[in-house]
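The values are calculated or read from the model by the stated rules, or taken from the named source; none is laboratory data. Just so you know, these numbers come straight off a predicted model, no measurement behind them. With ideal geometry, Cβ positions are generated from the backbone for all residues, glycine too; neighbour counts draw on all protein chains shown. Please note that ligands, DNA and RNA were not included when accessible areas were found on the heavy atoms of the full protein model with its side chains. Shrake-Rupley method; radii C 1.70, N 1.55, O 1.52, S 1.80 Å.
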Amino acid sequence: MAKIIVVTSGKGGVGKTTSSASFASGLAMRGHKTVVIDFDVGLRNLDLIMGCERRVVYDLINVVNQEATLNQALIKDKHCDNLFVLPASQTRDKDALTEEGVERVLNDLKAMDFEYIICDSPAGIEHGAVMALTFADEAVIVTNPEVSSVRDSDRILGIIQAKSRRALNGGEPVKEHLLITRYVPKRVDAGEMLSYTDVQEILRIPLVGIIPESESVLHASNAGNPAIHIEGSEVSEAYKDVVARFLGEERPLRYTSYEKPGLLQRLFGGK
Ligand SMILES: Nc1ncnc2c1ncn2[C@@H]1O[C@H](COP(=O)(O)OP(=O)(O)OP(=O)(O)O)[C@@H](O)[C@H]1O
Ligand SMILES: [Mg+2]
């Protein structure tokens, strides 16, 4: 049975699209048939990060409005055989997403034997974000280690608990996962950034992973390459850990501590 996972945050620019692209790619690399949907109508950029923007002909709104079939709109990923992208419309309004339309598209994807349906949410708590989370079974809450991001994550947790189908039906609640991105251990050590334990204490949901801050993310995104594909990088390893933990494997946290340079290192260079 397909699982619908929303990648959401409340606050904008925290790394939802970056994480959706890498998480979906990671699931596909582990052999799971996966689709990643861009719900950011009007501001689409998942297709850029996935490197398939030139192949976009139809989009989510076309499928919702039955102007195109899923087979016409889905774009096969260039890295993974069992990964597909459903892009957002650049020209339409977010209100074009109707609840019935989105539900039908998700049901049709389930019927196509997708195992994981990843919904990249727009920022905020308005219509587009609510549409992305309404049908979710699980939610990845992307949070930066700073107060405003944590506060907005708390608000989106409230919205999930109030507005998701699972909440309305009174069944099993949406399973929540905390994903902390853009983490800089050195700045945490200096007291300039919240530590992951601070963030966890405030939000009180299980931690699925911590992604370090790295310039390589922007370079990879600009080249249409999800960060998980940056071979040997900490960011790639951290996203692979996230996928493994999501699939139920135990993985210790990595890249979270800062080793202060010793005296010799400080005198003779290094960190
Ligand atoms: N681990 C990271 N290290 C450094 N930069 C990162 C990292 N993750 C994301 N970024 C950068 O942060 C910016 C925002 O990322 P992204 O577009 O994924 O966020 P978003 O939450 O989807 O934004 P929006 O709310 O606008 O949809 C981008 O420039 C991206 O390259
Ligand atoms: Mg985004």
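Do you know which of the residues in segment 18-43 that are open to solvent by 20 Å² or more (accessible area, probe 1.4 Å) and near ligand 1 (Cβ under 9 Å from one of its atoms) is nearest to the chain's Cα centre (by Cα)?
Thr18
Considering only segment 228-251, state which residues are of a type in the set (Gly, Ala, Ser), more than 16 Å from Tyr183 (Cα to Cα) and open to solvent by less than 50 Å² (accessible area, probe 1.4 Å).
The answer is Ala244, and nothing else.
From the list Glu231, Glu213, Glu201, Glu176, which one is modelled with pLDDT under 95 and on the phi < 0 side of the Ramachandran plot?
Step by step, each of Glu231, Glu213, Glu201, Glu176 is checked, and only Glu231 is modelled with pLDDT under 95 and on the phi < 0 side of the Ramachandran plot.
Show the residue pairs meeting these rules: Cβ distance below 8 Å; 6+ apart or different chains; first residue within segment 170-182 and within 16 Å of ligand 1 (Cβ to nearest atom) and open to solvent by 30 Å² or more (accessible area, probe 1.4 Å); second residue part of a strand (DSSP E or B) and not small (Gly, Ala, Ser).
From segment 170-182, the pairs are Arg182/Ile211; Arg182/Pro212.
Residues of segment 128-148 being surrounded by fewer than 20 Cβ atoms within 10 Å (Cβ to Cβ) and more than 20 Å from Lys3 (Cα to Cα), which ones?
Glu146, Val147, Ser148
Checking the condition crowded, with 22+ Cβ neighbours inside 10 Å, within 16 Å of ligand 1 (Cβ to nearest atom) and over 17 Å from the mean Cα position of the chain (by Cα), which residue from Leu60, Leu46 passes?
Answer to the selection: Leu60.
When you go through Ile61, Ile4 one by one, which is the residue that is away from ligand 2 (no atom under 13 Å from the Cβ) and closer than 15 Å to Glu138 by Cα?
Ile4
State the number of residues belonging to segment 252-270 that are among the basic types (Lys, Arg) and under 17 Å from Tyr183 (Cβ atoms).
1
Would you check if Thr34 is more than 16 Å from ligand 2 (Cβ to nearest atom) and within 23 Å of Ile141 (Cα to Cα)?
So Thr34 passes the test.
Looking for something open to solvent by less than 30 Å² (accessible area, probe 1.4 Å) and within 22 Å of Leu218 (Cα to Cα) - is there at least one such residue anywhere in segment 65-79?
Looking through segment 65-79, at least one residue is open to solvent by less than 30 Å² (accessible area, probe 1.4 Å) and within 22 Å of Leu218 (Cα to Cα).
Name every residue in segment 105-123 that is crowded, with 19+ Cβ neighbours inside 10 Å and in contact with a helix residue (DSSP H, G or I) (Cβ under 9 Å, 6 or more places away or on another chain), in order of residue number.
Selection gives Val105, Leu109, Tyr116, Ile117, Ile118, Cys119, Asp120, Ser121, Pro122, Ala123.
Can you pull out the helices (runs of 4 or more DSSP H) entirely within segment 84-167 that have at least 3 residues that are within 15 Å of ligand 1 (Cβ to nearest atom) and in contact (Cβ under 8 Å) with a residue 60 or more places away in the chain?
Helices (runs of 4 or more DSSP H) meeting the threshold: 127-134, 147-163.
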